[in-house]
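Reading through the structure tokens given below for one structure.
The values are calculated or read from the model by the stated rules, or taken from the named source; none is laboratory data. Since we're looking at a predicted model, the values are computed, not measured. Positions of Cβ are generated from backbone atoms using ideal geometry, with glycine treated the same way; all protein chains shown enter the neighbour counts.
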Amino acid sequence: MKQKQLDELKDECKNCIACELGNTRTNIVFSDGNGNSAKAILIGEAPGENEDKTGIPFVGRAGKLLNEFLEKTGISRENDLYIINTVKCRPPKNRVPSDTEKKACEQYLLKQIEIVNPKILIFCGSTALKSFYTNKIPISKIRGEILELEIGGKIRKCIPIFHPSYLLRYHSLEEGSPRALMLKDLVKIKNLINDKK
Ligand code: URA
């Protein structure tokens with residue numbers, strides 16, 4: 001049922017030229033994961049080169065690292081998550097999407113959230129965080145906290161986490177390191193998904 005609505009929305013999105021990214025994309029990158037019954041939506045920044053080629057979010061280097069972290073913490077990409085980005089088309093040279101581009105794409109993002117209606121939104125990286133949270137707090141200060149934000153007329157539980165591209169630069173797993181904090185945040189998310197506090 002949800003999947004059918006999502007498929008219709010994806011068909012609409014395929015023809016979108018609401019911003020200039022529509023002129024340079026190869027494919028729209030609409031979503032991956034479980035549209036029907038995911039407990040959490042993970043929102044990344046924007047498609048990169050591999051995502052633009054395949055039409056699937058998080059399949060490049062950052063995506064592979066994300067998969068490793070999900071596996072380590074027992075979160076299933078296929079069943080527990082619905083994975084999307086703030087914009088559906090690749091910004092040239094992987095630059096950060098502009099506010100105009102994000103605004104043009106918001107119609108799809110908000111609809112996806114409304115349809116899937118998950119328990120938790122995961123803001124993966126500061127672009128996703130800033131799309132919904134206007135306080136200028138850096139992600140390093142707010143990651144792992146549960147925020148209750150009004151999104152599309154509904155109060156939703158949201159958790160910011162580091163973006164895996166950032167983690168590619170730090171390899172340590174020592175306590176307090178970015179990778180250790182990412183694991184901690186994902187365990188928290190796993191417990192929320194399983195209804196444990
Ligand atoms: N980075 C993102 O934020 N999203 C993707 O889909 C891939 C890399």
Please work out which residue is nearest to the ligand (Cβ to nearest atom), limiting yourself to the stretch 118-157 and to residues that are at positive phi and under 16 Å from the mean Cα position of the chain (by Cα).
GLY125
Quick one: which helices (runs of 4 or more DSSP H) sit completely within the stretch 1-75 and have at least 2 residues that are of a type outside the set (S, T, N, Q) and away from the ligand (no atom under 16 Å from the Cβ)?
2-14, 61-72
So which of LYS88, LYS53 is of a type in the set (Lys, Arg) and buried (at least 23 other Cβ atoms within 10 Å of the Cβ)?
LYS88
Which numbered condition LYS136 misses (of (1) in contact with a helix residue (DSSP H, G or I) (Cβ under 8 Å, 6 or more places away or on another chain); (2) at pLDDT below 95)
(1)
Cβ-Cβ distance below 6 Å, separation of 6 or more or different chains: which pairs start in the stretch 41-61 with a residue that is on the phi < 0 side of the Ramachandran plot and at pLDDT 95 or above and end on one that is part of a helix (DSSP H, G or I) and more than 9 Å from the ligand (Cβ to nearest atom)?
ILE41/VAL116
Please determine whether any residue of the stretch 78-85 is over 27 Å from TYR170 (Cα atoms), touching a strand residue (DSSP E or B) at 6+ places or on another chain (Cβ under 8 Å) and in contact (Cβ under 8 Å) with a residue 60 or more places away in the chain.
no
Answer yes or no as to whether VAL96 is within 14 Å of the ligand (Cβ to nearest atom), of a type in the set (Val, Ile, Thr) and touching a residue at least 60 places away in the same chain (Cβ under 8 Å).
no
Members of the stretch 158-197 that are basic (Lys, Arg) and in contact with a strand residue (DSSP E or B) (Cβ under 9 Å, 6 or more places away or on another chain)
LYS188
Screening LEU183, LEU147 for residues that are of a type in the set (A, V, I, L, M, F, W, C) and in contact with a helix residue (DSSP H, G or I) (Cβ under 7 Å, 6 or more places away or on another chain) leaves only LEU183
Give the residues of the stretch 133-147 that are in contact with a strand residue (DSSP E or B) (Cβ under 6 Å, 6 or more places away or on another chain) and surrounded by 16 or more Cβ atoms within 10 Å (Cβ to Cβ), sorted by residue number.
ILE139, ILE142, ARG143, LEU147
